[in-house]
Structure formats: C-alpha cells, structure tokens
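Chemist: Have a look at this one.
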Amino acid sequence: MKYNANSTIPISDIRITDSFFNKYRDLVGKVIIPYQWDVLNDRLEDVETSHCIENFKIAAGISKGEYKGAVFQDTDLAKWLEAVGFYLSSYGRDEKLEKLADGAIDLIEKAQQPDGYLDTYFIINAPEKRWKNLQEGHELYTAGHMMEAAVAYFEATGKRKFLDIVCRLGDLLCDVFGSEDGKCHGYPGHPEVELGLVKLYRVTGKEEYLKLAKHFIDIRGVGDNYFLEEEKRPDFDRIFPEFNDYDPSYSQSHKPVYEQTTAEGHAVRAAYLYSAMADVAAEYGDKKLLSCCETLWDDMVHRRMYITGSIGSSGFLERFTTDYDLPNDCNYSESCASIALAMFGKRMGEITHDASYFDEVERALYNTVLSGIAMDGKGFFYVNPLEVWPDACMEHTSRAHVKSERQKWFGVACCPPNIARTLASIGQYIFCRRDDELDVNLFISSETRTSLGECDLVVRMESRMPWEGKVRLIIDSKSEGMELTGKLGIRVPYYAENMGISIESNMGRTLFDNEEHGYKYILLNGKSMTIDISFDIPARFIHANPLVRADAGKVALMKGPLVYCLEEEDNGDNLSSVFVDTDTVITEEYQEDILGGTYRLYFEGRQLNMDGWDNHCLYGTQKISLTDRRFVAYPYCYWGNRERNKEMIVWIKEMIR
C-alpha cells in the first residue's frame, strides 16, 4: 500500500482534446485567469471588492491601509497561482502569464516575515496574535494552499522562488508545532496544510514536512479538545460570531480521526482532512488509517451525498447533518466541497485500485464542479442547489444562500479560483499508473505520454463521452526495439450497459487478463494496439433510497454520468407540480447549436393545473387535475446558462399506479 510516486502522470505529459471539458478548460487561460487577476486587483467596478493583492502590498510595506476581506483572503491568490501552474503545465509556457505570476510571487516574498511567517491578516492586524486562534484564524489553511500553489508552479516552470518561500514557511511550522515540550500542540481549524505538507515533502524529499502532516492528523481530537481549551485563554479573540457555541464536530475534532465513522461538520474541511488522511495512510502504509478513510467514504457517498456529487446539506455552517438528510431547495453543496470529494476519491482509487471511487469522482466533476462556473468563465455558484424557486431565495431568510444565477464574485471567494485550478488540472484524474499497469479512470479525449516498466508509450484516447459510450484507445510503444508490456485496466462505469471491448494488435492477439475491482484488464503486446470500447448509456429515471425523505416519491433523470434538470425557460414555472410515469419513453436529441453541443431529453408527463384555484383561495376541497404535457430536460451542469433567474428542478414527482 506504500505510496507510488509514479501513480499520477504529470499534467505536462497529458494533452486534453476533449470537446466536452475543453468548453471550460480553454477558458482557463483565455478568460478565467485574466478575469480573476483583475478581481484580485480590484479593477472591475461591478464586482465585489477583493482587496487580496492590496493586502499583500500593505503587508509588504508597499502601501498603507487596513486589512480587508475574510481572514483567509490570501488563499484566493494562492489558488490563482496554482491554477496558473496547472495551466502552464497543460498548455505550455506563456511568457506574459509567467511574468504576471512572477510579479505576484515577488510580492508574496516581500510580505513574508524574516522567520518565514506568511499570513497578511495577522501581519497587518495583529502580529502578536500569531497561532493564538487556530480554531478560526486559518493561518495553517492559508499555509497549505500556498504550499500546493508553489509545488504546482515549480513543477510547471522549474522556478524555485515560490517553492523556497513556502519551504521557509514549512520550516517555521516544523519549529512551532509538534508533540515535543515547548511546541504548540494545536492543529488546523480548517484542514488543508496537511495536503500542502505532503506535496512539499514529495517535491523536496524533506521528511519533516511529512512527519508534521502525520502529527496534525494523529493529534486531532485527542484528549481535551484543543479549540475549546483555546477559547478559555485570556488572549483569545473571536473572529466569527457564529462560533460562539463551538461544536468540535464542525472541524472534525470531536474525536480522534481513527475513531471517526461518519462524515461530520463543515463539508470542505471534512473532505480536505480525509484526502490528507489518505495521503498519510499511503505514505506510511497505515492500514488502520486507510480503513478509517474507507469507512468515512462509505458514509459520505452512500448516505450523505447528492446525486450530483455534492456534499454538505446544511446552509447553516455549510455542513453535513445526518444520514439521508438531503434537502434540494435549501442545501449548501459548496463547489469547493465537490472538488474536495473528487480529490479524496482520486486518492482512494489510486491506493486501493478500486474503480468504484472514480464513479463518484466522475459524478462530482461532470455535475457540481461544472455547474459552479458559467460557460463564459465569468460567473460562479458558491452554492449548488437541486431545486430553485427564485422568488423564495430572499435575503435574511433560510434560503438567502441559494442564488438563482451565477455571481460575478463573492466576498468569500474560495470557490472561483478552486474551480479554475481544478479545470486546469483535470488531466490528473484520467489515468493511474503503476509499475506494470495503466488504469483508465475517466473517458476524456486526450493524448498522454507515459511508461510501463522500461517501455515508453503514447496513449491516444478518442472519446464520445458523456454523450455516447464509444471510446477508442490507440497505444504505441515509443521505445526503439521494445514491445508494449504490462496491462491496461479499463474502468467499467456503474451506468454502462452491454459493455464490449475489441482489440487489434500488430501481433494479431487479443488477450484479456481478468476483471477485478471494477476494471477490465487487457494484456498489452506488440508495438501498437487499438482498443475499441463500447457501451450503451441510455437516458434513465433514477430513484433515491426511500430513506431520503426529500426525494420520496420522486425521480431524477440521468444519461451516463450526467444528471439532468428541468428549467423554467423550456417548461414554464411551478416545476414542483410536474409528474412523470417512469414507464414513459425518454427521447434523446443532440443539439449542435445549443450550449456548445448537448443532448436534451424529452418525455411525456403531466402537470397540476389551476382549475378552480385563484389568488383568493389558498386551501380548498377541490380535486386535483392534471394536464398532459411534454417536457424537456438539459444537463444540470449547464443550468442557468441560457436564461438567468429562472426556476430549476432535478427531482420530479413520480406518478405511482
């Protein structure tokens, strides 16, 4: 189970040619990165002020003024830089963009304190309060994102300045935190630094970083709760009033991680923590910790996850609640949480060699992650509901967090740059490589350079997913005089019907090895192979477990990994009054000129009509009547891109005979 440094193919060795994902990915360099840079510099008059770059200028002594923004505002720049790094790795070097990023890194270096400390909130506001409020202060969270960004930028450019900055920060953390007497025995209120420390260890080889990541995981929730004890200190200053009655489960510190069996608290914090637990379990070969990860994954995706791959059902504190509590019109489902779920699933799939993890990674990436960004790259959802009635999304109500149209930016803007870095790095999810095995996890058109054993090879994938289950893999040996060796694992998606595989090799042999843990394995041979994969992905109605009270008596539409929804633009308003018989035929129609090309689905259904009702009759004894209608559904990830501020619904009432 030891971590295999070669399992993830470098993003620079993957060129994505996929028409579905490139609708968004091609915007990263052309639109998203420049747009977000303007936002971070407060250049757009009609966008909420960020003050992020200005905070760094003040901390560096270049400007004068007060700190503004959230306590973790620095991370917006960190994730922007990480997106730049991934973009450069994916699309090639860009002198103009690198110059911009290098200038930002120079600014970060100027803001960094002589001992390596780096957090503009405390540098400007309260340098004497460093490490005094780990519950809310986000210093370690910010450090983690800086580390991840620096590693991505170093791997893309080979430039060490940013990496050296975060190494100084990492060295400071190793000096401040630990189990030894005289060190701080605290841990992050918002897990993230553990991920950064593991990445920093992997690129530098410095074991102290890995040991500190493990320490933060091992000590979490052990003994008297650190955050509750921290509150009792006379120098503790509350940052967030909503934490006055602090619940340790909110930060997954209610018990040691080895004893946690249910996904609890803030969904992003949880999935970041679980991702780090998987990293540490792999590095140390810790089977007990890996077993904990498996238990937490099972609870999260089988009892606390939406059909769209989103997590975090409560709008209050953005958190998990209890099993099967999945309301659709007031859920939170933060974009960052689905990104974190994909990160966790990727790690677990690579460690366990179990393809089922990538079923849920795919679900999150194709649905919630893409719904979080407009198709022009300049609008974002922080919250991803499954049902929207715009009139009810009112300020100062329980649905104030639900938006019926994507926003240009947010005061707390963790999601937009997080989506940018995810889109830029989508290649990391496609394959997993081992010494003699290459697994295909996602069917995304691409060209990838890699190796198995001593043989260098190129894999070209031509995929018509998610619209059709047709995939062609062309694998060529690029090592002179060497034939392909090892085996190829092809994930069998949970929705695939009648899956077939045909193989052509210049050796004339077609060899199947076996099928295991959701992969069909093929033995590689000869100098070149062409593998055709086909499966049916008909549109289908999906039911929820009856214990999901919000979805009892309802159905959703899916085609392949895509969840579909009804929108007011096509179907009129009051979508909650729509009924469908699941025996009805679903008609699929591809539209080249809509949303960059998409399948839309038609079905016959019925809808409550207003006979006998008017605005003076709220309740009555009238029998309901239904009108036959034809409805059209579009992919959930695209909702709100054609018309804004309209109704939308995923779960439709079922007509039960």
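The values are calculated or read from the model by the stated rules, or taken from the named source; none is laboratory data. Quick caveat, the model's predicted, so the values are computed rather than measured. All Cβ positions, even for glycine, are placed from backbone atoms using ideal geometry, and neighbour counts span all protein chains on display.
Chemist: Which condition does Phe535 not pass, out of (1) exposed (fewer than 12 other Cβ atoms within 10 Å of the Cβ); (2) in contact (Cβ under 8 Å) with a residue 24 or more places away in the chain, if it passes all the others?
Modeler: Going through (1) exposed (fewer than 12 other Cβ atoms within 10 Å of the Cβ); (2) in contact (Cβ under 8 Å) with a residue 24 or more places away in the chain one by one, Phe535 breaks only (1).
Chemist: Just checking, does the range 309-316 include any residue being in the same structural domain as His401 (by TED's automatic domain parsing) and either touching a Pro at 6+ places or on another chain (Cβ under 7 Å) or in a helix (DSSP H, G or I) (or both)?
Modeler: Yes, the range 309-316 contains at least one residue that is in the same structural domain as His401 (by TED's automatic domain parsing) and either touching a Pro at 6+ places or on another chain (Cβ under 7 Å) or in a helix (DSSP H, G or I) (or both).
Chemist: Let me ask something additional. Looking only at the range 133-171, which residues are within 26 Å of the chain's Cα centre (by Cα), in a loop (DSSP other than H, G, I, E, B) and surrounded by fewer than 24 Cβ atoms within 10 Å (Cβ to Cβ)?
Modeler: Those that are within 26 Å of the chain's Cα centre (by Cα), in a loop (DSSP other than H, G, I, E, B) and surrounded by fewer than 24 Cβ atoms within 10 Å (Cβ to Cβ): Leu134, Glu136.
Chemist: Could you tell me which of the residues Ser275, Ser249 is touching a Pro at 6+ places or on another chain (Cβ under 9 Å) and either over 30 Å from Ser576 (Cα atoms) or without any contact (Cβ under 8 Å) to a residue 40 or more places away in the chain (or both)?
Modeler: Testing whether each residue is touching a Pro at 6+ places or on another chain (Cβ under 9 Å) and either over 30 Å from Ser576 (Cα atoms) or without any contact (Cβ under 8 Å) to a residue 40 or more places away in the chain (or both) leaves just Ser275.
Chemist: Residues being within 20 Å of Glu604 (Cβ to Cβ) and in a strand (DSSP E or B): count how many of those fall in the range 643-657.
Modeler: Number satisfying all stated conditions: 4.
Chemist: Then there is this: Does Leu326 satisfy the criteria of being under 17 Å from Val563 (Cα atoms) and in a loop (DSSP other than H, G, I, E, B)?
Modeler: Criteria met by Leu326.
Chemist: When the residues of the range 172-219 are narrowed to those that are of a type in the set (Asp, Glu) and more than 21 Å from the chain's Cα centre (by Cα), which ends up nearest to Leu140 (Cα to Cα)?
Modeler: Asp175
Chemist: Could you identify the single residue in Leu566, Leu618 that is among the aliphatic types (A, V, I, L, M), touching a Leu at 6+ places or on another chain (Cβ under 6 Å) and either surrounded by 12 or more Cβ atoms within 10 Å (Cβ to Cβ) or free of Cβ contacts under 8 Å to residues at least 24 places away in the same chain (or both)?
Modeler: Leu566
Chemist: Hey, Glu128 hits all of (1) over 21 Å from Leu163 (Cβ atoms); (2) outside any helix (DSSP H, G or I) but one; which does it fall short on?
Modeler: Just one mismatch for Glu128, condition (2).
Chemist: Hey, another quick one. How many residues does the range 62-83 hold that are in contact with a Gly (Cβ under 9 Å, 6 or more places away or on another chain) and closer than 24 Å to Gly427 by Cα?
Modeler: Qualifying residue count for the region: 3.
Chemist: Would you point out the residue of the range 289-332, among those that are in contact with a His (Cβ under 7 Å, 6 or more places away or on another chain) and either among the acidic types (Asp, Glu) or modelled with pLDDT of 95 or more (or both), that is farthest from Phe240 (Cα to Cα)?
Modeler: Tyr332
Chemist: Moving to a separate point now. Output yes when any residue across the range 455-462 is of a type outside the set (Ser, Thr, Tyr) and not in a strand (DSSP E or B), and no when none is.
Modeler: Within the range 455-462, the subset of a type outside the set (Ser, Thr, Tyr) is 455-462.
Add one more test, that the residue is not in a strand (DSSP E or B), and what stays is none.
No, the range 455-462 has no match at all.
Chemist: From Tyr272, Tyr284, Tyr250, Tyr246, grab the single residue that is among the aromatic types (Phe, Trp, Tyr) and over 23 Å from Val412 (Cβ atoms).
Modeler: Values: Tyr272 fails: over 23 Å from Val412 (Cβ atoms); Tyr250 fails: over 23 Å from Val412 (Cβ atoms); Tyr246 fails: over 23 Å from Val412 (Cβ atoms).
Just a single option satisfies the conditions, and that option is Tyr284.
Chemist: Here are Phe56, Phe72, Phe86: which of them is aromatic (Phe, Trp, Tyr), farther than 25 Å from Pro114 by Cα, in contact with a Ser or Thr (Cβ under 9 Å, 6 or more places away or on another chain) and at pLDDT 95 or above? Step through it out loud before you land on a result.
Modeler: Numbers: Phe56 fails: farther than 25 Å from Pro114 by Cα; Phe72 fails: farther than 25 Å from Pro114 by Cα.
After applying the criteria, what remains is Phe86.
Chemist: What are the pairs, 6+ residues apart or on separate chains, where a residue within the range 67-90 that is without any contact (Cβ under 8 Å) to a residue 40 or more places away in the chain and surrounded by fewer than 24 Cβ atoms within 10 Å (Cβ to Cβ) has its Cβ under 8 Å from a residue that is part of a helix (DSSP H, G or I) and not hydroxyl-bearing (Ser, Thr, Tyr)?
Modeler: The qualifying pairs are Lys68/Glu54; Lys68/Asn55.
Chemist: Next question, about the same structure. Among residues belonging to the range 211-226 that are in contact (Cβ under 8 Å) with a residue 60 or more places away in the chain and either surrounded by fewer than 21 Cβ atoms within 10 Å (Cβ to Cβ) or of a type outside the set (A, V, I, L, M, F, W, C) (or both), point out the one that is nearest to Ala278 (Cα to Cα).
Modeler: Result: Lys214.
Chemist: Considering only the range 5-29, how many residues are modelled with pLDDT under 95, more than 21 Å from the chain's Cα centre (by Cα) and of a type outside the set (A, V, I, L, M)?
Modeler: Selection size over the range 5-29: 1.
Chemist: When you check Leu438 against the structure, is it buried (at least 21 other Cβ atoms within 10 Å of the Cβ), of a type in the set (A, V, I, L, M, F, W, C) and not in a helix (DSSP H, G or I), yes or no? Reasoning before the result, please.
Modeler: Values: buried (at least 21 other Cβ atoms within 10 Å of the Cβ): yes; of a type in the set (A, V, I, L, M, F, W, C): yes; not in a helix (DSSP H, G or I): yes.
So Leu438 passes the test.
Chemist: Would you confirm whether or not the range 583-602 contains a residue that is in contact with a strand residue (DSSP E or B) (Cβ under 7 Å, 6 or more places away or on another chain), among the acidic types (Asp, Glu) and at negative phi?
Modeler: yes
Chemist: Could you grab me the full set of residues in the range 372-388 that are within 22 Å of Trp467 (Cβ to Cβ) and touching a strand residue (DSSP E or B) at 6+ places or on another chain (Cβ under 9 Å)?
Modeler: Correct list: Gly372, Ile373, Ala374.
Chemist: Related question: Just the residues that are more than 21 Å from Cys330 (Cβ to Cβ) and in a loop (DSSP other than H, G, I, E, B), please, taken from the range 412-434. Full working, then the answer.
Modeler: Keep residues of the range 412-434 that are more than 21 Å from Cys330 (Cβ to Cβ), which gives 413, 416-434.
Those that are more than 21 Å from Cys330 (Cβ to Cβ) and in a loop (DSSP other than H, G, I, E, B): Ala413, Ser425, Ile430.
Yes/no matrix, rows are residues, columns are (1) outside any loop (DSSP other than H, G, I, E, B); (2) out of contact with any helix residue (DSSP H, G or I) (no Cβ under 6 Å at 6 or more places or on another chain):
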position	(1), (2)
Ser479	no, yes
Thr485	no, yes
Pro493	no, yes
Ile501	yes, yes
Tyr521	yes, yes
Thr530	yes, yes
Val555	yes, yes
Val563	yes, no
Asp570	yes, yes
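Chemist: Quick check on my filter: what residues within the range 240-261 are on the phi < 0 side of the Ramachandran plot and buried (at least 16 other Cβ atoms within 10 Å of the Cβ)?
Modeler: Listed by number, the residues that qualify are Phe243, Tyr246, Pro248, Ser249, Tyr250, Ser251, Ser253, His254, Lys255, Val257, Tyr258, Gln260.
Chemist: Identify, by number, the condition in (1) surrounded by 16 or more Cβ atoms within 10 Å (Cβ to Cβ); (2) β-branched (Val, Ile, Thr); (3) not assigned by TED's automatic domain parsing to the domain that holds Val650 that Thr530 doesn't meet.
Modeler: Single failed check for Thr530: (1).
Chemist: So, in the range 335-380, of the ones that are free of Cβ contacts under 8 Å to residues at least 60 places away in the same chain and not in a helix (DSSP H, G or I), which residue ends up nearest to Val555 (Cα to Cα)?
Modeler: Gly372
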